[in-house]
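Step one of this worksheet: look at the structure below.
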Amino acid sequence: MTLAHDQSHPMRAVLHRPVVMVGMMGSGKTAIGRALSARLGVEFADSDAEIEMAANASIAEIFERDGETFFRRREEEVIARLMRARPMILSTGGGAFLASGTQGTIARLGVALWLDAPLDLLWERVRHKDTRPLLRTSDPLATLTRIHRARTPVYAKAALRLSVQPHASIETTTQQAVDLLTTRPDILEIQP
């Protein structure tokens, strides 16, 4: 993929290892992941979509029918399988990175990129969606706050952290992700 920082000197980006988007629900993992994959000319995969396709059921239905423990085991298997395939951008569910096995797989085979979005932005993005099984509570904001507080120290273990700005466009955030990834030439190499 050619990057156009300076049109007179286009550069080629080579992704060497998978980049796994981690972070809270609503942080932009899928939107930024898709834009990043398009920008770098590599495959995009979404672990939740892969699980839904394999189970022929939605994440909410899997949670309800089989429980969260079952779902997390399948999630860990799917992420490991996808990461072994080829360098790609992989979006994961908000709880995926909580599993130490998944953290280890990501560290061995690729890199975790944490989209660190502030709580108020997350709430604004998820408050009107009924597709979030963990927020199906009597007080979804309190639940989101509790989940955010509990998960932030785990997400902080990600090798790369990108602070998501509330009014930044997908294009701007994607460029910031590219810039961050280029600090790791073992992951993303820019060639003249």
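Assorted remarks:
- Fewest-first ranking of SER163, SER37, SER169, using other Cβ atoms within 10 Å as the exposure measure: SER169, SER163, SER37
- Whole-angstrom gap from the range 88-123 to the range 31-53, using each part's C-alpha centre: 13
- Nitroxide proxy distance, nm - points 7 Å out along Cα→Cβ at ALA156 and ARG12: 4.1
- Within the chain, helix-based [θ] at 222 nm, where runs of 4 or more DSSP H residues each add -39,500 (n - 2.57), nearest 500: -15000 deg cm²/dmol
- Relative exposure of VAL22, VAL42, judged by other C-beta atoms within 10 Å (fewest first): VAL42, VAL22
- In loop segments of the range 58-158 as defined by DSSP, the trypsin sites (Lys or Arg not before Pro) with at most 11 further C-beta atoms inside 10 Å of their C-beta are LYS129.
- A simple rule links phi to the HN-Hα coupling: the Karplus curve 6.51 cos²θ - 1.76 cosθ + 1.60 with θ = phi - 60°, which for the range 163-169 gives 6, 7, 8, x, 10, 6, 6 Hz, with x for Gly and Pro.
- Computed magnitude of the charge dipole of the range 20-178 (debye, nearest 20; Cβ of K, R +1, Cβ of D, E -1): 400
- Prolate/oblate/rounded call for the range 29-115, Cα gyration tensor, a/c under 1.5 rounded: prolate
Computed from the coordinates by the stated procedures, all read-outs in this text should not be read as laboratory data. Model, not experiment: these values are computed from the prediction. Neighbour counts are summed over all protein chains in view; Cβ atoms, including those assigned to glycine, are modelled from backbone coordinates with ideal geometry.
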